[in-house]
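Contents: one structure, followed by commentary.
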Amino acid sequence: MDKLIIRGGARLRGEVNISGAKNAALPVLCATLLAPGRHVLHNVPRLRDIDTTLELLTTLGAEVDRAGFEHDHSLAVNTAKLSSPRAPYELVKTMRASILVLGPLLARAGEAEVSLPGGCAIGARPVNLHLKGMEALGAEVKIEHGYIRAKAAALKGAEISFDVSTVTGTENVMMAAVKAEGRTVLTNAALEPEVVELAEALVKMGAKIKGQGTEVIEIEGVKELHPAEWTIMPDRIEAGTFLAAAAITGGELLLKGARADHLAAVITKLREAGVKIEEQEDGLRAQGDGLRAVDATTRTYPGFPTDMQAQIMALLCRAQGLSVITETVFENRFMHVQELQRMGANIKIQGRSAIVTGVPKLSGASVMATDLRASASLVLAGLVAEGTTEVLRIYHLDRGYEALEDKLRKVGANIERGKEAKP
Ligand code: EPZ
């Protein structure tokens, strides 16, 4: 297994190109199943989760053309043929977002067999609201032998209210509803930019959707959708992670392609902590200059994103004073705390809050990544720690960050990839 070896201390300086958004590319790729034919996608990030999604689409019968993908982040997916409505456990267990083929398969083939996603390090993460939505649209849904088995001769539009705001739940039901008979109204829908991106990609395929980006999304079912060409939006969480990297190292970075409008809550919080952030024509410029403590509470969009909680915690470990970080979206998203404590951080957990008291220095250590964003926080801590930090199990990181160590090295970080010692 790969690991990262980081020698801390360098102030990061220079430009970073922000990649396409993982959490937008995954649902848009699944949506191609709804419109038989050749779709062309641009600015697709090169990530393990993207590879898994392309493998899943191929398993379902799609043809993926990756020619050029290594150079220009573009690829084509031809979904003219659908040979199977089954998403196997082997793939779903590696990426729970595979659940996003459920809606498109039901709408396209009238049936779907999707392995139930298993447990997750950050929380229980049930999919009951996805299934409730499919049932409301008229599907018969059963759970058998670890699989969701859903059938519907014809989906019918319905009024669906989500008990809690769910990103992939909203996306999945929206994708099922675009070809349902009649009108569907989703209330308490998720507001995340990735949901808006999916809705707009579906509209480009011929869907009738309005209200995306608000709590009420209205969908008028259509008979057919057609293939489309689409460019994936920039990754706001990758951009947020690099804002934190500039801040924690006391450096200065220009994040090319980053969108300030998607990062309002993150920018506000980082400015509160003393980070200078400027919006520029081609992105965001961030400059770190001494950090002060702030409190942060994760919320659904447009609140402070849970996917930035671990990264801001690493940063606040080096800030002047005491910060309180409260996680309200997932019930078990403090796995990085013990690893940061191994590096000398002063963090106490009280219920759903972490009390972080800034320390004058962190020291390099061997630490273990437990999930995608936790691994990013350990890399950030390693960038400022004295001595050498080894981040193990970085397969978590490769799921959601494209060539992170190359991008960091380009702006001055002393970081390299190595192999973990065989047990
Ligand atoms: C999406 O996950 C993202 N993943 C996550 O990013 C992100 O952390 C999360 O939204 C919140 O912003 C993708 O987009 C692929 P939710 P999702 O359904 O859709 C509860 C990353 O690091 N819930 O919005 O799975 C759930 O348990 C990943 O890139 C139900 O109870 O999250 C949670 O407490 C990690 N029943 C809350 O809702 C359901 O059926 C929000 O989860 C669905 C969700």
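Any idea which of ARG318, ARG271, ARG299 is more than 15 Å from the ligand (Cβ to nearest atom), surrounded by fewer than 20 Cβ atoms within 10 Å (Cβ to Cβ) and modelled with pLDDT of 95 or more?
Exactly one residue qualifies, and that residue is ARG271.
Of the numbered conditions (1) open to solvent by 50 Å² or more (accessible area, probe 1.4 Å); (2) assigned to a helix (DSSP H, G or I), ALA310 satisfies every one except a single condition; which is it?
(1)
Within segment 340-383, track down each residue that is open to solvent by less than 30 Å² (accessible area, probe 1.4 Å), within 20 Å of ALA247 (Cα to Cα) and not in a helix (DSSP H, G or I).
Within segment 340-383, MET343, ALA345, ILE347, VAL356, GLY358, VAL359, LEU362, GLY364 qualify.
Where the second residue is aromatic (Phe, Trp, Tyr) and crowded, with 18+ Cβ neighbours inside 10 Å and the first is within 14 Å of GLN280 (Cα to Cα) and lies in segment 256-267, which pairs have Cβ atoms under 8 Å and are six or more apart or on separate chains?
ALA258/PHE242
Give segment 91-107 a look and list any residue that's open to solvent by 10 Å² or more (accessible area, probe 1.4 Å) and among the aliphatic types (A, V, I, L, M), or say none.
LEU91, ALA97, ALA107
The values are calculated or read from the model by the stated rules, or taken from the named source; none is laboratory data. On a predicted model such as this, the values are computed, not experimentally measured, just so you know. Here the Cβ is made from the backbone with ideal geometry for all residues, glycine too, and neighbour counts use every protein chain on show. To get the accessible areas, we keep the full protein, side chains included, count just its heavy atoms, and leave off ligands, DNA and RNA. Shrake-Rupley method; radii C 1.70, N 1.55, O 1.52, S 1.80 Å.
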